[in-house]
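To start, the structure itself, in structure tokens.
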Amino acid sequence: MELEEMERAWGDLSKRIEKQEQRIDSAVNTMIQQKYRSRLDKIRYAESIGTFICYAGAAYVSLNLTKIEGVMMQLAAALSIMLLLLLPVISLQSVRAIKSADILSKTYLEAIQDFSKQKIKFQQLQKINVCLGLVLMLLALPVLAAIQGKSLTQIPYFLTLIFPLLVVFVLVFAFWVLRHYNKVLREAERMLDETNPVSSF
């Protein structure tokens with residue numbers, strides 16, 4: 001009789017320990033997913049600010065289209081508006097793709113492979129955005145001057161000083177942003193490495 005009671009008690013204890021382990025695993029997995037997403041939220045917040053700026057710029061140019069004279073300037077304004085609307089879409093979709101990766105429902109190897117693919121795609125899209133941003137700058141500068149009723153040639157030192165400095169500023173800023181994004185992606189990847197069951201032994 002005592003042996004049966006001990007076996008029953010042992011079985012109950014095993015079930016309780018198993019349930020506790022499942023709760024702990026679930027809590028750890030939830031925490032990992034939250035940490036992963038919060039790391040990538042840093043990129044999303046920055047891109048959201050950029051989205052607001054782009055949409056405000058598109059609205060400004062759209063509201064002032066009547067001030068722009070000449071077919072070429074109006075075409076440049078239309079292309080500027082298109083780019084101002086397109087750039088945030090590209091950025092936010094690439095952030096959404098990398099952030100929405102379900103790292104817990106996959107094996108470690110699948111999660112790392114999926115993250116690596118999304119990371120490469122994200123980095124390529126960000127480089128495309130930098131190039132499109134430079135094109136936007138080339139299109140938007142004459143449009144903004146036309147809205148003010150000026151030509152770029154009327155602005156002193158524009159081609160010799162202002163424009164080169166502006167290009168350097170945009171490139172340095174883009175390099176800084178890409179470096180920051182890559183740092184965040186490395187942190188997220190490092191966090192994924194910590195979920196590797198083999199690395200914990």
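The values are calculated or read from the model by the stated rules, or taken from the named source; none is laboratory data. Just so it is clear, the model here is predicted, and its values are computed rather than measured. Note: ideal-geometry Cβ built from the backbone for every residue, glycine included; neighbour counts use all protein chains shown.
Examine region 102-122 for a residue that is closer than 20 Å to ILE49 by Cβ, part of a helix (DSSP H, G or I) and touching a Cys at 6+ places or on another chain (Cβ under 7 Å), and state whether such a residue exists. Don't jump to the end; show me each part of the working.
So the first thing to find is which residues in region 102-122 are closer than 20 Å to ILE49 by Cβ, and the list is 122.
This time we only want the ones that are part of a helix (DSSP H, G or I), so: 122.
Filter once more, so that each one left must be touching a Cys at 6+ places or on another chain (Cβ under 7 Å): none.
Scanning region 102-122 turns up no residue that is closer than 20 Å to ILE49 by Cβ, part of a helix (DSSP H, G or I) and touching a Cys at 6+ places or on another chain (Cβ under 7 Å).
Here is a list: THR107, THR66. Which entry is among the β-branched types (Val, Ile, Thr), loosely packed, with under 13 Cβ neighbours inside 10 Å and at pLDDT below 85? Outline the logic, then answer.
On the way: THR66 fails: at pLDDT below 85.
Of the residues listed, the single one that is among the β-branched types (Val, Ile, Thr), loosely packed, with under 13 Cβ neighbours inside 10 Å and at pLDDT below 85 is THR107.
Could you identify the single residue in VAL61, VAL71 that is surrounded by 10 or more Cβ atoms within 10 Å (Cβ to Cβ), modelled with pLDDT of 80 or more and either over 21 Å from MET191 (Cα atoms) or not hydrophobic (A, V, I, L, M, F, W, C) (or both)? If you could, list the steps in order and put the result at the bottom.
Details: VAL71 fails: surrounded by 10 or more Cβ atoms within 10 Å (Cβ to Cβ).
Exactly one of VAL61, VAL71 is surrounded by 10 or more Cβ atoms within 10 Å (Cβ to Cβ), modelled with pLDDT of 80 or more and either over 21 Å from MET191 (Cα atoms) or not hydrophobic (A, V, I, L, M, F, W, C) (or both), namely VAL61.
Name every residue in region 124-153 that is closer than 30 Å to GLU194 by Cα, surrounded by fewer than 16 Cβ atoms within 10 Å (Cβ to Cβ) and polar (S, T, N, Q), in order of residue number.
GLN124
I want to confirm something. Restricting to region 19-53 and keeping residues that are within 30 Å of ARG179 (Cα to Cα) and either of a type in the set (D, E, K, R) or assigned to a loop (DSSP other than H, G, I, E, B) (or both), which single residue is modelled with the highest pLDDT?
Restricting to residues being within 30 Å of ARG179 (Cα to Cα) and either of a type in the set (D, E, K, R) or assigned to a loop (DSSP other than H, G, I, E, B) (or both), the top hit is GLU47.
Given the criteria within 30 Å of VAL89 (Cα to Cα), of a type in the set (Asp, Glu) and in a helix (DSSP H, G or I), does ASP12 qualify?
Working: within 30 Å of VAL89 (Cα to Cα): no; of a type in the set (Asp, Glu): yes; in a helix (DSSP H, G or I): yes.
No, not satisfied.
Kindly provide the set of residues from region 130-174 that are free of Cβ contacts under 8 Å to residues at least 24 places away in the same chain and either basic (Lys, Arg) or not in a helix (DSSP H, G or I) (or both), ordered by number.
GLN148, LYS150, SER151, ILE155, PRO156, TYR157
Just to be sure, is LEU83 touching a helix residue (DSSP H, G or I) at 6+ places or on another chain (Cβ under 7 Å) and more than 30 Å from SER151 (Cβ to Cβ)? Full working, then the answer.
Values: touching a helix residue (DSSP H, G or I) at 6+ places or on another chain (Cβ under 7 Å): yes; more than 30 Å from SER151 (Cβ to Cβ): no.
When the stated conditions are applied, LEU83 does not pass them.
Among the residues of region 54-72, which ones are more than 34 Å from the chain's Cα centre (by Cα) and in a helix (DSSP H, G or I)?
THR66, LYS67, VAL71
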